[in-house]
Amino acid sequence: GGEMFRIYCSPCHGASGRGDGAVAMRGFPAPPPLNSEKALAMKDGQIFHLIAFGQKNMPGYAAQIDPVDRWKAVLYVRTLQRRLQVPPPAPAAAVTTSEVRP
């Protein structure tokens, strides 16, 4: 799935799925990030359908990507979404010497 995403999706969606791919950086309308509420709410079958038939500015890839690899790409998109949803760890609070009790 990662290889299919890298070849067919990352030029627009970016390697991390934020919608910042090379095509979008060159002035073509950027796709929504894959961690948008709408993308997160999509069922796996909807994502599969979008990969196959496209939507708006996104072309369909049914002729280029066989169904098994489309499902692998869906799983990879879900992996990226989980990575994008994980908040960064909070910085550890600094402890000053006046706060330390013997």
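Using a cutoff of 8 angstrom between alpha carbon atoms and counting only pairs six or more residues apart, the relative contact order for the range 1-45 works out to 26 percent. Charge tally around Ser16: other residues with Cβ under 13 Å, Lys/Arg +1 each, Asp/Glu -1 each, net +3. By its C-alpha gyration tensor, with a ≥ b ≥ c as the square roots of the eigenvalues, how is the range 21-75 shaped: rounded for a/c under 1.5, else prolate for a/b larger than b/c, else oblate? Here the range 21-75 falls in the oblate category. Counting other Cβ atoms within 10 Å, which trypsin sites (Lys or Arg not before Pro) in the range 1-66 have at most 14 and lie in a DSSP loop? Answer by residue number: Arg26, Lys43, Lys56. Each of His49, His13 has its accessible area taken with a 1.4 Å probe; listed largest first, they run His49, His13. Legend: residues Leu75, Leu80, Leu40, Leu50, sorted from most to least accessible area (1.4 Å probe; ligands, DNA and RNA excluded), read Leu75, Leu40, Leu50, Leu80.
The values are calculated or read from the model by the stated rules, or taken from the named source; none is laboratory data. Quantities reported herein were computed from a predicted structural model and do not represent experimental measurements. A quick note on method: Cβ atoms are made from the backbone with ideal geometry, for glycine too, and the neighbour counts reach across all protein chains shown. Surface areas here come from the heavy atoms of the whole protein model, side chains and all, with no ligands, DNA or RNA. Shrake-Rupley method; radii C 1.70, N 1.55, O 1.52, S 1.80 Å.
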